[in-house]
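Reading through the structure tokens given below for one structure.
The values are calculated or read from the model by the stated rules, or taken from the named source; none is laboratory data. The model shown is predicted, which means the values in this text are computed figures rather than measured ones. Virtual Cβ from ideal backbone geometry, glycine too; neighbours counted across all protein chains shown.
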Amino acid sequence: MNVLVLTNMWPNPQAPASGTFVHEQVEGLRRRGNHVDVLFVDGPANRLNYPLGYPRLWRRLSTQHYDLVHAHYVYSGLIARGQGQLPVVVSFHGAGEMVGVEGRLCRWLAPRVDGCTVTSPEHYQQLGYSPARVVPCGVDLGLFQPGDRQTARQRLGLALDKQFVLFCGHPRPEKRVPLIEAAVRRLQTERPAVELIKAINRPHAEVPVWMQAADALVLVSDFEGSPVVIKEAMACNLPIVATPAGDIPALFGGSPGHFLVRQNEAEIAAALGWALNHGPTTGREAIARLSLSATVDAVLRLYQDVLEGHGRRLPRADKGVELSG
């Protein structure tokens, strides 16, 4: 199958952690023998790139053959829908898209494309479009796995006699990083060996090392869809403290070492203390069903259904290349 992926998030020198889950999905599709090209429209860097994305897409389609266009995020989906010759699949990626103008655009776009995915049952309800499919981003279980803590700390230059609480991600306002900092300061009054470390804008291949070096992960967001960082930490058997945002309660499923909290400094500090005392979890077993391979299976089923809806068979092609223009 020949697929053009159109995305406004993709790892790049300025933002190596941007859209890593899109990149992983693309590589997973390629490993199945599909030809997948990527058209990166860097809207976060400059919003003028969005209107410029339409002629870039039209030029690409005039010179290359594809079976469908798969867009990630709503603004990429609007660009993809700016052509009528190919079926369009759109993946909406979380609760942050479902508020304000973006939320209204998502609800407008969903019935105007040939297939769409959301990240969690909660996200499905927010979109309010029954044909949407719940396809959470999977975790690369080969990359994210338990490892030796001392070796990981030596690689990162971290002290061996500390207890490290890890925040991993982009410190956007809804991630409540100042609240995390305050909770860790409170905990430090009783446990001075505790320290907060932040893996921000790190290349994705480095993130497992940060998780292997840490004693606990913390995520106290206002909202989430199906946060990949939670699944990656669980794959590393890392204890976690998190708010019940998105599908996090379902991911935890009551398994030991995973603590749900409100956005309260004292409550977060207490839960971090419990997490630091817990040691390795069995989280990897709990999220084994949410592998990257399972996500690719679900995406390919959607592709096949969309193409069959257009009276076309499911073709195959060679491995694709990444396009920047």
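Restricting Asp215, Asp222, Asp161, Asp247 to those that are over 17 Å from Arg284 (Cβ atoms) and modelled with pLDDT of 95 or more reduces the list to Asp161.
Can you tell me which of Glu190, Glu195 is part of a strand (DSSP E or B), touching a helix residue (DSSP H, G or I) at 6+ places or on another chain (Cβ under 9 Å) and surrounded by fewer than 21 Cβ atoms within 10 Å (Cβ to Cβ)? Result of the check over Glu190, Glu195: Glu195.
If you check Gly96, Gly147 for being farther than 17 Å from Leu276 by Cβ, small (Gly, Ala, Ser) and in a helix (DSSP H, G or I), only one passes: Gly96.
Please enumerate the residues belonging to the stretch 169-187 that are assigned to a helix (DSSP H, G or I), of a type in the set (D, E, K, R) and closer than 25 Å to Pro16 by Cβ. Scanning the stretch 169-187 gives Glu174, Lys175, Glu181. Among the residues making up the stretch 212-226, those that are in a loop (DSSP other than H, G, I, E, B) and touching a Cys at 6+ places or on another chain (Cβ under 9 Å) are Ala214, Gly225, Ser226. Does Ala250 count as in the same structural domain as Leu158 (by TED's automatic domain parsing) and closer than 21 Å to Gln188 by Cα? Judged against the criteria, Ala250 is not a match.
Table: residues versus (1) in contact with a Pro (Cβ under 6 Å, 6 or more places away or on another chain); (2) surrounded by fewer than 22 Cβ atoms within 10 Å (Cβ to Cβ); (3) at pLDDT 95 or above.
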residue	(1), (2), (3)
Arg59	no, yes, yes
His72	no, no, yes
Gly77	no, no, yes
Ala80	no, no, yes
His93	no, no, no
Cys116	no, no, yes
Ser130	no, yes, yes
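Does Leu302 meet the test of being at pLDDT 95 or above, in contact with a Gly (Cβ under 6 Å, 6 or more places away or on another chain) and hydrophobic (A, V, I, L, M, F, W, C)? Yes.
Checking Ala266, Ala205, Ala250 one by one, the residue that is within 22 Å of Pro11 (Cβ to Cβ) and not in a loop (DSSP other than H, G, I, E, B) is Ala205 and no other. Can you pull out the residues in the stretch 1-24 that are in a helix (DSSP H, G or I) and either out of contact with any strand residue (DSSP E or B) (no Cβ under 8 Å at 6 or more places or on another chain) or not assigned by TED's automatic domain parsing to the domain that holds Trp58 (or both)? Residues satisfying the conditions are Thr20, Phe21, His23, Glu24.
In the set (1) of a type in the set (Ser, Thr, Tyr); (2) assigned by TED's automatic domain parsing to the domain that holds Glu265; (3) within 25 Å of Gly94 (Cα to Cα), the condition left unmet by Thr189 is number (3). Within the stretch 46-61, the presence of at least one residue that is over 16 Å from the mean Cα position of the chain (by Cα), closer than 18 Å to Tyr303 by Cβ and either assigned to a loop (DSSP other than H, G, I, E, B) or touching a residue at least 40 places away in the same chain (Cβ under 8 Å) (or both) is confirmed. Residue selection: Val38 satisfies the criterion of being closer than 30 Å to Ala245 by Cβ, surrounded by 17 or more Cβ atoms within 10 Å (Cβ to Cβ) and touching a Ser or Thr at 6+ places or on another chain (Cβ under 9 Å). The numbered conditions (1) within 20 Å of the chain's Cα centre (by Cα); (2) modelled with pLDDT under 90 are all true for Gly283 except (2).
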